[in-house]
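This report refers to the structure that appears directly beneath it.
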Amino acid sequence: MKEIAVIGFGVVGGGVVSLVDENQERIAQTAGDAVHVKYILDLRDFPDSPYADRVIHDVDTIMNDPEIALVVETMGGVHPALEFSTAALKAGKHVITSNKELVAKHGAELMRLADENGVAYLYEASVGGGIPLIRSIRTSLATDRVDAINGILNGTTNYILTRMRDGGISFDEALAEAQELGYAEKDPSADIHGFDAQRKIMILAAVATGYIADENDVYAETMSKLTTADMDAAKRLGGAVRLIGSFKREADGVSVFVCPRIVPGKNPLAHVDDVYNAASVAAALTGDVMYYGRGAGRYPTAGAVISDVAAALNGSYRTESVRTWENSPAGFVKKFADSKNRMYVRVSGASVQEVMDAAHLVFGDVAAVPGTPAGVSEFVTSLMTERQLSEGLSSLPGKVESALRILD
Ligand code: NDP
Ligand code: HSE
C-alpha cells in the first residue's frame, strides 16, 4: 500500500481524492501497488465531506510522515506551493502537480531537486487538462523532434468564445458559467489576459526543447477586447477566432507566444469548441499529430494527475525524456517583434478609399475581406514581421478597431 497526501482540496484535489477511492483496483494495477490518500491538507475544514477525517492544516504532518511516498499539489499559485513542493522533494517524496503557474516559473529547479532526491516531479495535468499530451511527447515522440506546436490551451476562454458565438450571451455571463463549472482560475484574469495559456505554451516548449523560457520573453495578448464583429469577420474569412499558444523552432531561435487568432476553417483547431483544448504538434519524422480533449474540469484534470501518480509510483517516469529542464539562455526565445504573421485589420472613421490606399502603401499587397459591413474597411496583410505590422497599423488613417493575427 502506498500512502499519499493531497494538498488543496478544491476542484482538482477533490477529484483526485474521489477518483483514488473509486478506482482502487485499476490504479493498483497501473501503479504497481494499492494507493490510499492518508492526508488532505487545506485551509478549511470540510465537515460534510466523506473524507472530513483526513483533512489537516499542518503541512509538517505530511513532510514528517515517512509513510507518505507522494504528494499531490493541487492548491495553485506560487507561494506556498513552491515551499511545500520543495520540502516534499527534499524529504524524498514524489510530487505531482496540476499547478502550471508553479511549473512554468519554478519547474526547472523543482525537477532538478526531484532528480537529486531520486523522486519524480510530474505535471501532466498542468497543460490540456485531461489530454494525455505531455507524456505522449515525452514517450511516443521522444525519438522524434517536436518542431512546432499550435494549441487551444485554455478551456475558460474557449468556453467563453463558444458561448458568446453560439449562445448569444455576454462575455460576463459566459465567464460566470465557466467559473461555476470549475474551469476558471481563482483569478480569472489569468485566463482572459492569456497568462494561463502563456504558462502552458512555455511548458510545452520546454517539454519539446528542454529549456523553459523566461515569461518576460513570451508575448501574451488578452482576448478581452474581442467583439462579435471579430467573430463575424472570422466567419466571413471561413474560420473562427481562437486563443492560440504557439511554439516554433526557427533558424534564428524559437518563437513562443499567445494571442487570439483567426483560425482558417481547414485547420481542425477552428472546430474545437466549448471547454475542449487541442494541440497540433508538428514532429520532424512523424509529421502532424493532433491532440484533443477536455482542457479543464474536475475529473479530466484529476485523471491526468492520477496518471502521473501511477508513473511516479511504478517508476516508469524514469524512462521518459526531458526529465529535467534548464532555464533558457538569453536570446533563446526570439523577439516577438521579429515574428512573422499575417493580420486581419478593421478600421473605422475613414473612407474605404483612404484606408485601402494607405494599406497598400504601408503593407504592400493586401487582400479584401468578403462581405465587409458598411462604415468600416477591412483587409488582410501578407506575411510580415510584427515590427512592420505595428508600424503599419500606426500609420493608417481612422481608428484601428481590430487587428487579429491569422494562423497559417
Ligand atoms: P481550487 O481553488 O478549487 O482549489 C485549491 C484548494 O487549495 C482550495 O480548497 C484552497 O483553499 C486550497 N488552498 C489554497 N491555499 C492553500 C494553502 N496554503 N494550504 C492548503 N490549501 C490551500 O483550485 P483548482 O482545483 O481549480 O486548481 C488547482 C490547481 O490546478 C491550480 O493551479 C489550477 O491552475 C490547476 N488546474 C485547474 C484546473 C481546473 O479545471 N480547475 C485544470 C487544470 C489545472 P481556499 O479555497 O480556502 O483558498
Ligand atoms: N483555467 C484553466 C483553463 C484550467 O480554463 O484552461 C485548466 O488549466
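The values are calculated or read from the model by the stated rules, or taken from the named source; none is laboratory data. No experiment lies behind these values; they were computed from the predicted model shown. Note: ideal-geometry Cβ built from the backbone for every residue, glycine included; neighbour counts use all protein chains shown.
Residues in segment 2-47 that are of a type in the set (G, A, S) and part of a loop (DSSP other than H, G, I, E, B): 4 in all.
Within segment 198-211, residues that are over 16 Å from N277 (Cβ atoms) and assigned by TED's automatic domain parsing to the domain that holds I244 have Cβ atoms under 9 Å from residues that are assigned to a helix (DSSP H, G or I) and of a type in the set (A, V, I, L, M, F, W, C) in these pairs: A206/V103; A206/A104; A206/A108; A208/I137; Y211/A108; Y211/A205, counting only partners at least 6 apart in sequence or on another chain.
On the basis of being within 16 Å of ligand 2 (Cβ to nearest atom) and surrounded by 15 or more Cβ atoms within 10 Å (Cβ to Cβ), does V11 make the cut? Here the answer is yes, as V11 does meet what is asked.
Residues considered: G194, G253. Of these, the only one that is of a type outside the set (V, I, T), at positive phi and over 14 Å from the mean Cα position of the chain (by Cα) is G253. Looking only at segment 60-87, residues that are farther than 18 Å from A108 by Cβ and within 16 Å of ligand 2 (Cβ to nearest atom) come to 5 in all. Taking segment 197-304 as the region of interest, the strands (runs of 3 or more DSSP E) fully inside it that hold 3 or more residues being of a type outside the set (A, V, I, L, M) and within 16 Å of ligand 1 (Cβ to nearest atom) are 287-294. Quick check on Y183: is it buried (at least 24 other Cβ atoms within 10 Å of the Cβ), within 15 Å of ligand 1 (Cβ to nearest atom) and part of a loop (DSSP other than H, G, I, E, B)? Spelling it out, Y183 is indeed buried (at least 24 other Cβ atoms within 10 Å of the Cβ), within 15 Å of ligand 1 (Cβ to nearest atom) and part of a loop (DSSP other than H, G, I, E, B).
Condition first: in the same structural domain as T209 (by TED's automatic domain parsing) and acidic (D, E). Can you find one or more residues in segment 287-299 that meet it? Checked against the condition, which is being in the same structural domain as T209 (by TED's automatic domain parsing) and acidic (D, E), segment 287-299 yields at least one hit.
Would you confirm whether any residue within segment 234-242 is surrounded by fewer than 20 Cβ atoms within 10 Å (Cβ to Cβ), without any contact (Cβ under 8 Å) to a residue 40 or more places away in the chain and either closer than 29 Å to E401 by Cβ or not polar (S, T, N, Q) (or both)? The answer is yes; a qualifying residue exists.
Filtering segment 350-383 to residues that are buried (at least 17 other Cβ atoms within 10 Å of the Cβ) and within 29 Å of the chain's Cα centre (by Cα) leaves V380, T381. The residue pairs whose first member lies in segment 318-334 and is surrounded by 12 or more Cβ atoms within 10 Å (Cβ to Cβ), whose second member is in a loop (DSSP other than H, G, I, E, B), and whose beta carbons are closer than 6 Å, counting only pairs six or more residues apart or on different chains, are E320/T139; S321/A142; V322/G210; W325/G210; S328/A213; V333/A213; K334/D252. If you take the residues in segment 174-226 that are in contact with an Asp or Glu (Cβ under 8 Å, 6 or more places away or on another chain) and among the charged types (D, E, K, R), which one is nearest to K248 (Cα to Cα)? Among them, the one singled out is R199. Checking Y291, Y299 one by one, the residue that is within 16 Å of ligand 2 (Cβ to nearest atom) and more than 23 Å from E73 (Cβ to Cβ) is Y291 and no other.
Only one entry in R163, R249 is surrounded by fewer than 19 Cβ atoms within 10 Å (Cβ to Cβ) and either farther than 21 Å from K105 by Cβ or assigned by TED's automatic domain parsing to the domain that holds E401 (or both), namely R249. Among the residues that make up segment 319-332, is at least one of them among the charged types (D, E, K, R) and closer than 30 Å to T381 by Cα? No: zero hits.
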